[in-house]
1. Gain in length, residue 160 to residue 114, computed as 0.36 nm per residue apart minus the alpha-carbon separation, to one decimal in nm?
2. State whether region 9-110 is rounded, prolate or oblate according to the following rule on the C-alpha gyration tensor (a ≥ b ≥ c being the square roots of its eigenvalues): a/c under 1.5 gives rounded; otherwise a/b larger than b/c gives prolate, and the remaining case gives oblate.
3. For q values of 0.18, 0.20, 0.22 Å⁻¹, compute log₁₀ I(q)/I(0) with the Debye formula on a Cα-only model of region 108-169, without solvent.
4. Output the 0 to 90 degree angle, nearest 10, between the alpha-carbon long axis of helix 88-97 and the longest principal axis computed from the alpha carbons of the chain.
5. Taking the highest mean first, how do the peptides 107-114, 122-129, 47-54 order by number of other beta carbon atoms within 10 angstrom per residue?
6. Just check region 45-169 against the gyration tensor rule for me: Cα atoms, a ≥ b ≥ c as the square roots of the eigenvalues, rounded for a/c under 1.5, and otherwise prolate or oblate depending on whether a/b exceeds b/c.
7. About the Cα centre of the chain, what is the dipole size in debye to 20, counting +1 per Lys and Arg Cβ and -1 per Asp and Glu Cβ, all else neutral?
8. Report, to the nearest whole %, how much of the accessible area of the chain belongs to carbon and sulfur atoms, 1.4 Å probe, protein only.
Amino acid sequence: MKKKSIAEFQKLYQTAAVMNAQLRAGDVLYSSIGPSTFFFSHAGIVGGDGKIYHAHPSGGIAESLPAYLSRHRYGGTLTLLRPKADPTEAAAWAVQHIGSMKGYRFNRTLADTNWNYCTKFVWQAFSSGCGIDLSAATAKLSKRWIFPRHIKRSSHFDPIAKFSLEYRL
């Protein structure tokens, strides 16, 4: 197994420091498609405590920004999406409901918080916490997919910054 260099960890923590200075509760971190996300995009929401709340195969997890960043690999990008409306309640919903997630499963039942995937969890936080449907669906449905593009292209967000991941862990 390749040994991780101190320089690479320093790059990770430098990236985290730059990002952390810009993060606010309710912001969404959207990752690019790549090997570290199994060639899918990934999304997490920032809680009031500064941790990143997201779906993981082991269930819902809350991580510090450096821990979250360590899951993403060299060459990837993270986009900071800032909600246009007050996201305080979405962030609070994520913190309150992260523990109910049993595992990562592609489940179309939008009200189900037990079996979840990353973009559905972010959608639930905004839908349940703030009454905002990030998917811009024209009809209210109880079952549908929430795709990464629904989050990234939502008119409810402004892209604030894009971070290139330059560390090799």
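1. Extra length available between residue 160 and residue 114 comes to 13.5 nm.
2. Verdict is oblate for region 9-110.
3. Computed log10 I(q)/I(0) values: -0.68, -0.79, -0.90.
4. Once rounded, one gets 80 degrees.
5. Peptide ranking by packing, descending: 122-129, 47-54, 107-114.
6. Prolate shape, in that a/c is at least 1.5 and a/b is the bigger ratio.
7. 620
8. 55
The values are calculated or read from the model by the stated rules, or taken from the named source; none is laboratory data. A quick note: this is a predicted structure, and the numbers were derived from the prediction, not measured. For neighbour counting, all protein chains shown are included, and Cβ atoms are generated from backbone atoms with ideal geometry for every residue, glycine included. Calculation scope for accessible area: heavy atoms of the full protein, side chains included, ligands and nucleic acids excluded. Shrake-Rupley method; radii C 1.70, N 1.55, O 1.52, S 1.80 Å.
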